[in-house]
Amino acid sequence: MNRMTRLTLPLAFVSLFATGVSAAALEPLGQNRYVTDRLVAARVADRIRKTCPTIGARIFYAFQQAHALKGWAETQGYAKDEIDGFLKDKAEKRKIYARAEEYLAAHGAKPGVVEGFCALGLKEIQAKSLIGSLIYEK
């Protein structure tokens, strides 16, 4: 065995093993806090803008952020089919929506109380939070 073969084979195994470990270490998208937090924020922003007449959506920016999130997931090793499947999964969508409703209620935005949605929207905008970045005061 020449010197190059002695170095190449172990490196190939290490590379193969490391690739397998990182792919196996990916948690399901529904458990990935980075992804789910951003989807919850988008849902909260959407609920605020649909309920409060003085707050609008930054639609173009929201689409940019959605595209960026999908790209981020791909760079982490998630397959496009896996991402698309997660986004279409009705059970996962219900979880995101439920978390968004919990957030809204915990921050004073209760169903039927427009003022609570408006107040939360303004607070998020002023705080320059992720939610606030997706909406604007009209």
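Taking the Cα centre of segment 17-138 as origin and charging only Cβ (+1 Lys, Arg; -1 Asp, Glu), how large is the dipole, in debye to the nearest 20?
Once rounded to the nearest 20, the dipole reads 360 debye.
Excluding residue 65 itself, what net charge comes from residues whose Cβ is under 11 Å from its Cβ, given Lys and Arg +1 and Asp and Glu -1?
+3
Take the solvent-accessible surface of the protein heavy atoms, probe 1.4 Å, and return the percent of it on segment 94-135 that carbon and sulfur atoms account for.
Details: 1520 of 2410 Å².
Carbon-and-sulfur percentage of accessible area, whole number: 63.
For segment 41-138, what is the convex hull volume of its Cα atoms per residue in Å³?
Taking the convex hull of the Cα positions in segment 41-138, it is 100 Å³ per residue.
Leaving out same-chain residues fewer than 8 places away, which aspartates and glutamates sit with a Cα under 20 Å from that of residue 88?
Straight-line reach from residue 88, under 20 Å: 27, 37, 46, 74, 101.
What does the highest-first list of 89-98, 40-49 look like by mean Cβ count within 10 Å? Please report the intermediate quantities before stating the final value.
Details: 89-98: 13.1, 40-49: 22.1.
Order by mean packing, descending: 40-49, 89-98.
Need one number: convex hull volume per residue for segment 31-84, Cα atoms only, in Å³.
So the per-residue Cα hull volume is 77 Å³.
Determine the gain in length on full extension of the stretch residue 114-residue 54; use 0.36 nm per residue of separation and subtract their C-alpha separation, reporting nm with one decimal.
So the chain would gain 20.6 nm between residue 114 and residue 54.
The values are calculated or read from the model by the stated rules, or taken from the named source; none is laboratory data. Here the structure is a predicted model, which means the values were calculated and not measured. Please note: Cβ atoms are built from the backbone with ideal geometry, for glycine as well, and neighbour counts cover all protein chains shown. Only protein heavy atoms, including side chains, enter the accessible area calculation; ligands, DNA and RNA are left aside. Shrake-Rupley method; radii C 1.70, N 1.55, O 1.52, S 1.80 Å.
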